[in-house]
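Participant: Supplied in structure tokens, the structure appears directly below.
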Amino acid sequence: MNSMFKIAVVAFLFTPCAQADDLSQRWGLGAAGALDVPLGSRMLRDTADPGAGLGLWLRRGITERWGVGLAYDNIGFEKTHARLQPVTANAFYQLVPKSRLNPNLHAGVGIARIDDMENTRSEGFAAKLGAGLDWFFCPYFSVGASVDYHLIAKNSRRGHEGHALVSGLTAGFWFGGHAPAAPVAAAAPAKLTPVAPAAPVAQPQTVAAPVVPQDSDKDGVVDADDRCPGSPAGSKVNAFGCPVEEKVAIDLNVQFDTNQDIVKPEYDARLREVADFLKKYAGATAVIEGHTDNQGKAEANKALSQRRADAVRKALIDRFGVEGARLQAAGFGQEKPIADNGTLSGRASNRRVVAVFSSQR
């Protein structure tokens, strides 16, 4: 029975719901219930017992590791009317970002309302130092625990009005920022999808007897209108007798970590297909296009897509010996979606890197 319980716990820990994105650019709103232990003056320690408290908090992730927030704590003690109510602005440092179990260190300063043992009220300076642990059992919800040391002081001859050690449980709701990335499924083999070339425009020929218009290169465009009289026999041409450029696109299905542009070795097989295609068709060139969804700022998305396209181009050159002159990289950001950005699956489809090959024949 014990073994079955352990297996069930492990299975739960690795379910898709456990995928947690980093907290950068995300908001968190929650509450905490706590046990308050008096650590103030000797009189407070001798007359007060630990009591129950309640707290509310609001957090904002700035980067993967750093965040800021506001907190309200209602710290009370048994057997006395003494109560401390600090409101603090806090800074958070995430020890293990992008993790389901996310420990942090935090510190803050602010102002507090003080109800002392004589049932008189005053205000004073508040400071807090602590550590916490958030457990993301779903990307948008967390539960956890925290331990905080509170120092409350006011400008009086008695100096420090109260100290407290507050430990308890927290729960929070997270929203905004980048949506958590969906698990990456095994990608299907890349398919070369030819882009249909523009159909040649037939040029009406007016034959004035007895003169017969000449078509020296046999491309269907008479010499008088042929701007490319030396077109290879059998090549597709446009209305001016010039070869039509054909394009072939490959969706590389390369996935990147959030805000990263490192091409992982696990995608080498996909990149090798691109390299082999270029080696087989010596006249072909390719543009590596980077695309994103519409989450975040457009300028940042375009810069990120350019970095990722550059990274794929560099990998093709460094790892597979493709000539740099035959490759270009272009980042389009969120400008060219192929699916609905209003859904998770649509945004996943729009986050893509595509190789577009060009050749003339």
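Participant: Within region 342-361, take every residue that is small (Gly, Ala, Ser) and modelled with pLDDT of 85 or more and give me the one that is most open to solvent (accessible area, probe 1.4 Å).
Facilitator: So the residue we want is 345.
Participant: Another one. Of all residues in region 111-146, which are open to solvent by 20 Å² or more (accessible area, probe 1.4 Å) and of a type in the set (Asp, Glu)?
Facilitator: 118, 123
Participant: Follow-up. Looking only at region 114-144, count every residue that is assigned to a strand (DSSP E or B), more than 30 Å from residue 98 (Cβ to Cβ) and at pLDDT below 90 and tell me the total.
Facilitator: Going through region 114-144 one residue at a time, the tally reaches 6.
Participant: May I pose another question? Inside region 283-301, can you point out the residues that are crowded, with 20+ Cβ neighbours inside 10 Å and not polar (S, T, N, Q)?
Facilitator: 286, 288, 289, 290, 291, 293
Participant: Take residue 277 and decide whether it is at pLDDT below 90, buried (at least 20 other Cβ atoms within 10 Å of the Cβ) and closer than 30 Å to residue 231 by Cβ.
Facilitator: no
Participant: Among residues belonging to region 302-341 that are in a loop (DSSP other than H, G, I, E, B) and open to solvent by 60 Å² or more (accessible area, probe 1.4 Å), point out the one that is nearest to residue 284 (Cα to Cα).
Facilitator: 323
Participant: Is there any pair with a first residue in region 136-155 that is within 11 Å of residue 166 (Cα to Cα) and a second that is in a strand (DSSP E or B) and among the polar types (S, T, N, Q) whose Cβ atoms are under 8 Å apart and which are 6 or more apart or on different chains, and what are they?
Facilitator: Listed by first residue and then by second, the contacts come to 145/167; 145/170; 146/167; 146/170; 147/167; 148/167.
The values are calculated or read from the model by the stated rules, or taken from the named source; none is laboratory data. None of these values were measured; they are calculated from a predicted model. All Cβ positions, even for glycine, are placed from backbone atoms using ideal geometry, and neighbour counts span all protein chains on display. Remember, those area values only see protein heavy atoms, side chains included, never the ligands or the DNA or RNA. Shrake-Rupley method; radii C 1.70, N 1.55, O 1.52, S 1.80 Å.
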